[in-house]
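Notes to accompany the following structure.
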Amino acid sequence: MKVKLDVGSLKEGMFVSDLDCGWSQTSFLLEGVLVSGEEELAELNRCCTHVYVDTERSHESVIPELQTLASRPPPAVATPSKFEAEKEAEREEKHFQEALEEARPIHGRTKTYIETLMEDVRLGNSLDTNTARHLVTEITESITHSPNAMAWLSHLKHRDEYTVTHCMNTCILAVTFGRYLGMDKEELELMGLGALLHDIGKMRIPLEILNKPARLTPEEFEIVKTHAPKGHELLVPKGDIPQESLDIVLHHHERVSGKGYPHGLNGDQVNQMTKIVSIVDVYDAITSDRCYHDGMPPYEALKNMYEWISEDFEQELVEQFIKCLGIYPIGSMVQLNMGQTGIVVSASEKSRLRPIVLLVINSKGERYVKPKLINLAHPRWREGKQKLEIRKILHNDECDIDLPAVIQDESLI
């Protein structure tokens, strides 16, 4: 028997089999959880209003109480009206559009700065790190205001600009993930600065190796591995880069197994900020088109990273990163139940299964003259003949959509 309970009535020993929200919106990896302490109670209180408890899977000690609660009439629950739900969905869509308008110039200035910085490293010029700190502050403020806008712009990347866009995206993803984990502004900026500058040493690697469109030889890979200490050596003399940020530049290729570089540190010897940057660094690298491989879709990248946990990453952090990006990561190509093809542009913490989607191709396989931005959380798309929902995530090869071109066209959103 299943008993519907207000989350405030939950006790240790009760087995929660269903929620009033999706399991994907919680930190639980499996659907169904035995309440064994304060941690489970706190998470359920954070995500839900009511839950369903399975009496057969609960401890015997709580059965009498469950039977008593089941006999009571269900409490009246205030639910938002359709009008309120519509207004909330419209506010969410407008908020994303306004945040995107504010984020674009910050993103553009950051790209220009990284291009200049990389050229200065190549030429041996003095490095301007003061601008980096100011830009990281702007990026952090933008993400704190609305993380989805910068996440959308992080997909504005081209194969021939990989190193520049990768530095920017690693910063954006690190700050976004850090915010999700509850880091404060100072910590986010320290981590963001290290992430923005983490690959600066690559400009001291010969271009014929850096841009080689084939697998590197063992000797060439050893040369590439020097980019971390070289980047650290470039920044230490400046004297204005905090130690936490310098550690990220030096150690972002260390792995929990001790098989990383340059020092073969194990998980206990690497700080939390560096572990976070290591995860987002790999995620952006494998989802990007590079001179020697095509990027994979976000969902596939997350699946692969989870399989690499034992060798490379801290399990809890990877699991939290997957939760942070959600079941439909921003930038994912999706097909709706009515046949339209679109791109996930913004995700709501309240409705992870119903994000804002930019429809690019209609159900007949024809491109819209002007793509349509729709919030799947809006009541009009939740029920009836117009009901829309995501049917599946598409591989990049399954749809002819130039994502960077869509993002770059400011008239579309």
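The values are calculated or read from the model by the stated rules, or taken from the named source; none is laboratory data. On a predicted model such as this, the values are computed, not experimentally measured, just so you know. Positions of Cβ are generated from backbone atoms using ideal geometry, with glycine treated the same way; all protein chains shown enter the neighbour counts. With ligands, DNA and RNA removed, areas are computed over all heavy atoms of the protein, side chains included. Shrake-Rupley method; radii C 1.70, N 1.55, O 1.52, S 1.80 Å.
From the alpha carbon gyration tensor of the stretch 143-293, can you work out the equivalent ellipsoid semi-axes (sqrt of 5 times each eigenvalue) and give them in Å, largest to smallest? Walk me through the intermediate numbers first.
On the way: eigenvalues 110, 76, 40 Å².
Ellipsoid semi-axes (Å, largest first): 23, 20, 14.
Provide the FRET efficiency to the nearest 0.05 for the LYS185-LYS225 pair, computing r from the beta carbons and using R0 = 22 Å. Let's see the in-between values first.
Values: r = 33 Å, r/R0 = 1.52.
That pair, LYS185 with LYS225, gives E of 0.10.
Quick one, what does Rg over Rh come out to for the stretch 205-260 if you take C-alpha atoms and the Kirkwood Rh? Walk me through the numbers on the way to the answer.
Details: Rg = 13.3 Å, Rh = 12.7 Å.
On the Cα set of the stretch 205-260, Rg over Rh gives 1.05.
Residues of the stretch 355-383 with amide nitrogen under 14 Å from the 7 Å Cα-to-Cβ point of ASN337?
Output list for this probe position: 355, 376-383.
If Lys and Arg each add +1 and Asp and Glu each add -1, what is the summed charge of the other residues whose beta carbon sits under 15 Å from the beta carbon of MET333? Can you show the working numbers first?
Numbers: positive: ARG367, ARG391, LYS392; negative: ASP289, ASP294, GLU300, ASP397, GLU398, ASP400, ASP402.
Within the 15 Å Cβ shell, the charges total -4.
For the chain, modelled as a Gaussian network with Cα springs under 10 Å, which listed residue fluctuates most, GLU60, GLU254, GLU314?
The residue with the greatest mean-square fluctuation here is GLU60.
Percent of Cα-Cα pairs more than 30 Å apart in the chain, please.
Values: 40823 of 85078 pairs.
The answer is 48 percent, as a whole percent.
Each label point is 7 Å from the Cα along the Cα-to-Cβ direction; what then is the distance between the points at ASN130 and LEU403, in nm?
Distance between label points: 3.8 nm.
Over the stretch 272-323, with every protein chain in place, what whole percent of the accessible area is carbon and sulfur at 1.4 Å, could you tell me?
Values: 990 of 2060 Å².
About 48 percent, which is the carbon plus sulfur part of the accessible surface.
R0 = 25 Å: FRET efficiency of SER27 with THR137, Cβ-based, nearest 0.05? Could you put the intermediate results ahead of the total?
Numbers: r = 30 Å, r/R0 = 1.18.
Efficiency, from the Cβ-Cβ distance: 0.25.
Report Rg(Cα)/(2.2 N^0.38 Å) for the stretch 263-413, keeping two decimals. Please list the in-between numbers first.
Values: Rg = 17.6 Å, N = 151, 2.2 N^0.38 = 14.8 Å.
Normalised Cα radius of gyration, the stretch 263-413: 1.19.
Which of the lysines could be linked to LYS225 by a straight reach, that is with a Cα gap under 18 Å, when you skip same-chain ones fewer than 8 residues away?
Result set, ordered by chain and number: LYS202, LYS212, LYS259, LYS275.
Net charge within 13 Å of PRO229 by Cβ-Cβ distance, Lys/Arg positive one each and Asp/Glu negative one each, not counting PRO229 itself?
Values: positive: LYS202, ARG204, LYS225, LYS230; negative: ASP199, GLU222, GLU233, ASP247, GLU254.
Around PRO229, the surrounding residues sum to -1.
How are the alpha carbon pair distances in the stretch 234-320 distributed across 10 Å bins from zero to the largest one, expressed in percent?
17, 43, 31, 9, 0
If you take the charge dipole of the chain about its Cα centre, with +1 on Lys and Arg Cβ and -1 on Asp and Glu Cβ, which of LEU265, PRO329, LEU216 is farthest toward its positive end?
The residue sitting farthest along the positive end of the dipole is PRO329.
Using the C-alpha gyration tensor of the stretch 308-375, what are the square roots of 5 times its eigenvalues, in whole angstrom, with the largest one first? Before the final figure, lay out each step's value.
Details: eigenvalues 185, 33, 15 Å².
One finds semi-axes of 30, 13, 9 Å for the stretch 308-375.
What is the spread of the Cα atoms of the stretch 94-165 along each of their three principal axes, largest first, in whole Å?
45, 28, 13
Net charge near LEU156, counting Lys/Arg +1 and Asp/Glu -1 over other residues with Cβ under 10 Å of its Cβ? Let's see the in-between values first.
Values: positive: ARG104, LYS111, LYS157; negative: GLU161.
Here the count lands on +2.
Under a no-solvent Debye model with one identical scatterer per Cα of the stretch 125-212, what's log10 I(q)/I(0) at q = 0.18, 0.19, 0.24 Å⁻¹?
One equal scatterer on each Cα of the stretch 125-212 leads to -0.79, -0.86, -1.18.
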